[in-house]
1. Taking the condition crowded, with 23+ Cβ neighbours inside 10 Å and touching an Asp or Glu at 6+ places or on another chain (Cβ under 9 Å), does V54 pass?
2. Looking at the structure I just gave you, is D41 within 17 Å of the chain's Cα centre (by Cα) and assigned to a loop (DSSP other than H, G, I, E, B)?
3. Give segment 184-216 a look and list any residue that's surrounded by 21 or more Cβ atoms within 10 Å (Cβ to Cβ), part of a helix (DSSP H, G or I) and within 16 Å of ligand 2 (Cβ to nearest atom), or say none.
4. Please determine whether any residue of segment 154-166 is over 23 Å from W98 (Cβ atoms), touching a helix residue (DSSP H, G or I) at 6+ places or on another chain (Cβ under 9 Å) and not in a helix (DSSP H, G or I).
5. Of all residues in segment 89-114, which are buried (at least 18 other Cβ atoms within 10 Å of the Cβ), in a loop (DSSP other than H, G, I, E, B) and either aliphatic (A, V, I, L, M) or out of contact with any Ser or Thr (no Cβ under 9 Å at 6 or more places or on another chain) (or both)?
6. Would you mind stating whether S39 is at pLDDT 95 or above and crowded, with 24+ Cβ neighbours inside 10 Å?
7. Looking at segment 217-233, which of the residues that are surrounded by fewer than 15 Cβ atoms within 10 Å (Cβ to Cβ) and without any contact (Cβ under 8 Å) to a residue 12 or more places away in the chain is farthest from ligand 1 (Cβ to nearest atom)?
8. Criterion first (out of contact with any strand residue (DSSP E or B) (no Cβ under 7 Å at 6 or more places or on another chain) and at pLDDT 95 or above) does A81 satisfy it?
Amino acid sequence: MKIVVVFPARNEADTIAKCIEVVKQSKYKPEVLVVDGNSADTTRNESLRAGATVIKQSKGIYPAKGIAMKDGIKKAIKQGADIIVFLDADITNLTPEWVDLLVDPVVEKECDMSRGFYRRAAYDGAVTKLIARPLSWILFPEIAHFNQPLSGEICATADLFETLVKNRNCPAGWGIDIWFLIEAAMKNCHIAEVYLGSKVHTSRQNYDKDVIKLAKMAEQVNLTIFKEAIKYKRIDNIKRYTL
Ligand SMILES: Nc1nc2c(ncn2[C@@H]2O[C@H](COP(=O)(O)OP(=O)(O)OP(=O)(O)O)[C@@H](O)[C@H]2O)c(=O)[nH]1
Ligand SMILES: [Mg+2]
């Protein structure tokens, strides 16, 4: 059983090497792949030094987490992956058990996809709290029970990921994480949400930059959910929800 851990990474030189070293200690002895989004820092060299394979993101648009994840899936499948695990590359308290906890239920065929959830700092997760969860409750009750519908910690069989990304509506940007969740749920996949403890990641260093980033994220997540709602005929009676 070959497990490949994929880190989409853009300017994560401070954290990526440690993340790679940590996941390599998982009981699954995964291979590690970094999809570099044209980082201006030493992300690429740090990743190679830590023993990962590095590929360059295929399209030069940013933010493009969706493109990076799609590229990662294609490459991991070429490498012979049976199971693919995505993790964010900016996590400072990652442990090997995160990989084990995400992979266990997929290996044991308890589910087709597993997703991490965690305790977060009060200021963290604004787009989750203000957009992803309320819109899920309104439009996709199938996923309303997920604590972290925008979690970037996602594990699934390579077969499932390959099927999902064949869809040409697969989003290029921040919508990808909830898109995987909605699409898998609508295919009646079994999806587990696995508790990973607390998540500490490097952000919130510059208020203005963060707000601009969150606004873009909010726009892309909204767009993804509404496109899915149209696709699954959930918003023909949207008036019902207006105040
Ligand atoms: N290749 C690639 N990776 C990206 C891109 N945008 C984000 N990432 C990576 O995707 C992961 C999640 O991005 P973050 O910026 O941490 O997103 P977030 O955790 O929702 O936001 P913060 O709260 O600011 O950390 C990180 O590993 C990023 O480096 C991109 O355009 N290309
Ligand atoms: Mg982050």
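1. On the way: crowded, with 23+ Cβ neighbours inside 10 Å: no; touching an Asp or Glu at 6+ places or on another chain (Cβ under 9 Å): yes.
Spelling it out, it is not the case that V54 is crowded, with 23+ Cβ neighbours inside 10 Å and touching an Asp or Glu at 6+ places or on another chain (Cβ under 9 Å).
2. Numbers: within 17 Å of the chain's Cα centre (by Cα): no; assigned to a loop (DSSP other than H, G, I, E, B): yes.
Answer is no for this residue.
3. Correct list: empty.
4. The answer is no; no qualifying residue exists.
5. Within segment 89-114, A89, L94, C111 meet the criteria.
6. On the way: at pLDDT 95 or above: yes; crowded, with 24+ Cβ neighbours inside 10 Å: no.
So S39 fails the test.
7. Selected residue: K233.
8. When the stated conditions are applied, A81 does not pass them.
The values are calculated or read from the model by the stated rules, or taken from the named source; none is laboratory data. On a predicted model such as this, the values are computed, not experimentally measured, just so you know. Neighbour counts are summed over all protein chains in view; Cβ atoms, including those assigned to glycine, are modelled from backbone coordinates with ideal geometry. Surface areas here come from the heavy atoms of the whole protein model, side chains and all, with no ligands, DNA or RNA. Shrake-Rupley method; radii C 1.70, N 1.55, O 1.52, S 1.80 Å.
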